[in-house]
Amino acid sequence: MTKTKTNGQASRILIVDDDSDVLVLFSKWLKAENFDVVTVESGKDALAQISIARPDLVVTDLIMDEMDGMALLSEIHRQNPLLPVIMLSGQAKIPDAVKATHLGSSAFLTKPVDKKELISQIRKHLHLAGNGKTNKSQPFGEGIIYRSSKMAELIEQGKAVADGDITVFISGETGTGKEILAKAIHDASPRKDQPFIGVNCGAIPEQLLESELFGHEKGAFTGALSQHEGLFKAADGGTLFLDEIGDMPLDLQVKLLRVLQDFQVRPVGSVRSVPINVRIISATHTNLAEAVKEGHFRADLYYRLNVVPLAIPNLAERPEDIELLLEYYLEKFALRKGEPKKAFSPEALDYLIASSWPGNVRQLINVVDLCATLNKTNIIPLSMAQKALGDEESDLRTLKDAKHLFEREYLISVLQLTKGQVANSARIAGRNRTEFYKLLNAHNLDPSDFRDQAGA
Amino acid sequence: MDKIIVQCDPDLEDLIPGYINNRHKDIIVMQECLETGDFAKIRTIGHSMKGSGGGYGFDIITDLGERIENAALASDTDKIVQAVQELESYISRVEVVYS
């Protein structure tokens, strides 16, 4: 077994072939493209490596002794249904290709394999799996995980408008990833090496927003102890992302409109305007057209901002992406914590896919983090998923609050179960007694209360 | 004998000598297998050559590998001998140019 890591960000490819000439050749090709490469000579070794090396994609030969490529593919997908597997065969036999496809193979290539075709297929299937980490020239929206046609269409639109200065307007409910899309557009634009500055217009107090955006001179107002250049100036040459633009006060909308017409900003307290070169991407979760009708938003500004409208679908509108997203964020959690990757049970997965996700991808990330943090085993059961999503949906608590609440309820359940026996409770919770007592203290829980209950 | 010039990927320069050397080894193994009648082993070697030759830039090795694989499948000693001789001739004459 050979393992080579070229850098921490590269996608890891596991190559399985009993021909060492093929292994060294593919390894050479893929390392030159900045992939991490792990090679093994049998299906059995491949299965062992999958749990250790955690590859992002597997390339396997079909004909091998002991375990052939089909058996390996079946076993891989039994354990990791989303792991892309590219099958290679010395013969282009249609029944083999059909069988491999039925078993979930991502692609079926005939040997001798063309280098460009192999790399292209690897890139394609890494991207489809939401794992396009390795790219010398980054693809558009690398961090956006999807397989749905709705998202694919959106990404194509984003890609099409990236290469220019056209003003983009992104709409989407909270948590759909408006800023991530804006950043993807920036990163794919000629301005990518210049600043990307994001500002949430709804999060800054009205009286401060003007000076935050346009800057101010020293002494322009009480508390203006020094000169401040403002976010437009800070983003000069790059992109300014105005999030929740619908929350901008009307009087400031006039000033913003003027900036967009003249491409000059005048800091508060200054008599001189400063030229700026900024691309504007704005976003909102509200219906801005409705706000215009109701007189809360200026029509002229709306039309100036809404040159290219991009609408991000809600998570519930693209259920085919949910499993992919859950896998992706479980993987991220495991990597962050240096722990084995956990998985949702089939029942939990069905439940999560069918859920309404009012908080969209952001809520999904919170649910994954909560489940992965609190679940003691590697398989997250339906009850945990329900609990996590239930807590999330009830009032969208912060992750810290949700964890705290869940932990308390968990401790109560365990104490009720053991009738207040600390030793048993600690064992069930997977903690030693000292740690368990600390947890009880943190939640102000007294085991004797549960013993009393038992005796009552 | 005339040289056969083959253009290969410069990135593979450090791998090509090893690849050619492995074919020399294959020839020896296949000649031994012919004596013992181990067609299965010959077929495996032919299959591997077929799968790897083109990737390194040696399409001829892929073609010869396919012929050896098919001949072994049919237990056709004459065809195997002929293809192995052609392989031996080819790798003794091949001269690689990296460009």
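The values are calculated or read from the model by the stated rules, or taken from the named source; none is laboratory data. Given the structure is predicted, the values throughout are model-derived calculations rather than measurements. Because the Cβ atoms are built from the backbone with ideal geometry, glycine has one as well, and the counts that use them run over all protein chains shown.
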Identify all residues within the stretch A:170-213 that are under 25 Å from A:P358 (Cα atoms) and of a type in the set (S, T, N, Q); write none if there are none.
A:S171, A:T174, A:T176, A:N200
One residue is enough: does the stretch A:359-372 have a residue meeting the conditions outside the structural domain of A:S171 (by TED's automatic domain parsing), in contact with a Leu (Cβ under 8 Å, 6 or more places away or on another chain) and within 30 Å of A:L250 (Cβ to Cβ)?
yes
Selection from the stretch A:76-95 of residues that are over 29 Å from the mean Cα position of the chain (by Cα) and away from chain B (no Cβ under 14 Å):
A:I94, A:P95
The correct count of residues that are exposed (fewer than 13 other Cβ atoms within 10 Å of the Cβ), under 18 Å from the mean Cα position of the chain (by Cα) and farther than 15 Å from A:K115 by Cβ in the stretch B:1-17 is 3
Filtered residues of the stretch A:63-85 (kept if buried (at least 24 other Cβ atoms within 10 Å of the Cβ) and either of a type in the set (F, W, Y) or not in a helix (DSSP H, G or I) (or both))
A:P84, A:V85
Criterion (β-branched (V, I, T) and in the same structural domain as A:K376 (by TED's automatic domain parsing)) met by exactly one of A:I276, A:I281, A:I322
A:I322
Which condition number does B:V97 fail, the rest of (1) more than 21 Å from A:L118 (Cβ to Cβ); (2) modelled with pLDDT of 95 or more being met?
(2)
All but one of (1) in a loop (DSSP other than H, G, I, E, B); (2) in contact with a helix residue (DSSP H, G or I) (Cβ under 7 Å, 6 or more places away or on another chain); (3) at pLDDT 85 or above hold for A:F108, so report the exception by its number.
(1)
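So that you can scan it fast, the table gives a plain yes or no per residue for (1) of a type in the set (A, V, I, L, M); (2) in contact with a Leu (Cβ under 9 Å, 6 or more places away or on another chain); (3) touching a residue at least 40 places away in the same chain (Cβ under 8 Å); (4) closer than 26 Å to A:A53 by Cα:
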residue: A:H296; (1), (2), (3), (4): no, yes, yes, no
residue: A:A299; (1), (2), (3), (4): yes, no, no, no
residue: A:Y302; (1), (2), (3), (4): no, yes, no, no
residue: A:L305; (1), (2), (3), (4): yes, yes, yes, no
residue: A:I312; (1), (2), (3), (4): yes, yes, yes, no
residue: A:L315; (1), (2), (3), (4): yes, yes, yes, no
residue: A:D321; (1), (2), (3), (4): no, yes, yes, yes
residue: A:E339; (1), (2), (3), (4): no, no, no, yes
residue: A:A343; (1), (2), (3), (4): yes, yes, no, yes
Can you tell me how many residues in the stretch A:268-307 are modelled with pLDDT under 90 and either buried (at least 18 other Cβ atoms within 10 Å of the Cβ) or outside any loop (DSSP other than H, G, I, E, B) (or both)?
2
Does any residue of the stretch A:399-419 turn out to be outside any helix (DSSP H, G or I) and at pLDDT 80 or above?
yes
Filter the stretch A:13-52 down to the residues that are in contact with a Phe, Trp or Tyr (Cβ under 7 Å, 6 or more places away or on another chain) and touching a residue at least 12 places away in the same chain (Cβ under 8 Å), then identify the one that is nearest to the other protein chains (Cβ to nearest Cβ).
A:I15
